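A short write-up of the structure that comes next.
Just so you know, all these numbers are worked out from the coordinates, no wet-lab data involved. Being a predicted model, the structure only gives us computed values, none of them experimental. Reconstructed Cβ throughout: ideal geometry from the backbone, glycine too, with neighbour counts over all protein chains shown.
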Amino acid sequence: MSTALQALAAEASTCTGCRLAAGRTTVVFGSGSPTADLMFVGEGPGAREDEQGVPFVGRSGQLLDRLLAEELDMDRSDCYIANVVKCRPPGNRDPRPDEIAACRPYLERQLDLVDPTVVVTLGNFSSKLLLGTDVGITKLRGQAYRFGDPERHLVPTFHPAAALRGGADVLARMRADLVRAWMLVEAG
Ligand code: URA
């Protein structure tokens with residue numbers, strides 16, 4: 001991790017900015033290359049992530065790792081992975097608007113510091129947050145957007161948990177979205 005990301009992770013590790021702090025084991029700040037061109041943003045840690053302090057290490061993460069390897073010949077260490085909220089919502093419930101708002105500055109600073117060319121949002125929460133829309137992921141995905149200042153590419157796709165539930169069709173669309181994201185990375 002870069003020094004600035006490390007400092008931010010240290011700051012987050014003692015965060016009490018919302019009620020999720022009370023139930024967490026670990027703050028799951030983010031992982032991967034601090035200079036990645038490609039950054040993934042999920043929803044929030046689950047039980048495994050809360051135990052280990054690393055995003056996407058449970059079943060969803062294993063699928064993400066597999067898709068990265070199969071579609072992009074990439075390892076998770078080649079990209080950067082973070083979540084909208086850094087602490088596990090109890091019982092894996094959805095993160096609430098005030099929790100998302102409290103955690104947003106960490107995500108914004110991660111984006112500034114990693115400075116990826118392309119952000120892949122995994123599922124509704126990160127896609128809606130970064131695009132500032134109420135449109136759901138099924139309608140949003142299938143194309144790339146520009147977002148933020150400085151402007152970056154954003155490629156929304158399904159959350160891997162949806163692919164685990166949804167089967168071959170969801171998985172095929174996720175694969176296409178990853179390839180779309182990588183083409184934008186290569187285009188610079
Ligand atoms: N789901 C997420 O959105 N993030 C994780 O880190 C794990 C599961």
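Per-residue answers, yes or no, for (1) touching a Cys at 6+ places or on another chain (Cβ under 6 Å); (2) farther than 21 Å from M183 by Cβ; (3) surrounded by fewer than 19 Cβ atoms within 10 Å (Cβ to Cβ):
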{"residue": "T16", "(1), (2), (3)": "no, yes, yes"}
{"residue": "A22", "(1), (2), (3)": "no, yes, yes"}
{"residue": "F29", "(1), (2), (3)": "no, yes, no"}
{"residue": "G32", "(1), (2), (3)": "yes, no, no"}
{"residue": "T35", "(1), (2), (3)": "no, no, yes"}
{"residue": "A47", "(1), (2), (3)": "no, yes, yes"}
{"residue": "G61", "(1), (2), (3)": "no, yes, no"}
{"residue": "D73", "(1), (2), (3)": "no, no, yes"}
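Quick check on my filter: what residues within the range 104-143 are surrounded by 19 or more Cβ atoms within 10 Å (Cβ to Cβ), in contact with a helix residue (DSSP H, G or I) (Cβ under 8 Å, 6 or more places away or on another chain) and among the small types (G, A, S)?
G123, S127
Identify all residues within the range 31-87 that are away from the ligand (no atom under 14 Å from the Cβ) and either assigned to a loop (DSSP other than H, G, I, E, B) or without any contact (Cβ under 8 Å) to a residue 24 or more places away in the chain (or both); write none if there are none.
S33, P34, T35, A36, D37, R66, A69, D73, M74, D75
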